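In what follows, a structure is listed as structure tokens, so that the remarks can point back to it.
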């Protein structure tokens, strides 16, 4: 189970590093033009805040377990990413419908799996 969790964590970290980094690097006008015509446009500072949260969540998925310093932070980071994906799902459903929100739901479920799996393994990691 540990190997499965690590694989999912690395893939999610890469995904959130890319998504968060894109939100931080690109101008707000470019980000708004990349979405669908029905997309709900969020304020620029809020989008940058989400980008920071995604990058920090990605780092939190990998570094605590890799460095073996505070590995209990990994399920917290995963839970934070679940919250972000719940928001992404709601905003996507309101703008484009449920079919377009399916990737956000799957990513949120994977993050929830990591949060649950790492939380359940946390007592055993301290030995």
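Every read-out reported here was derived from the displayed coordinates using simple, explicitly stated rules and does not represent laboratory data. None of the values given here were measured: they were computed from a predicted structure. Counting neighbours? That spans all protein chains shown, and the Cβs are built from the backbone with ideal geometry, glycine included.
Below are the figures for this structure:
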quantity	calculated
Rh by Kirkwood over Cα pairs, then Stokes-Einstein D for the stretch 1-117 at 0.890 mPa s and 25 °C, µm²/s	168 µm²/s
Least to most buried among 120, 68 (fewest other Cβ within 10 Å first)	68, 120
Percentage relative contact order, the stretch 1-119, counting C-alpha pairs under 8 Å, at least six apart	29 percent
Relative contact order (%) - the stretch 10-76, alpha-carbon pairs under 8 angstrom, separation at least six	42 percent
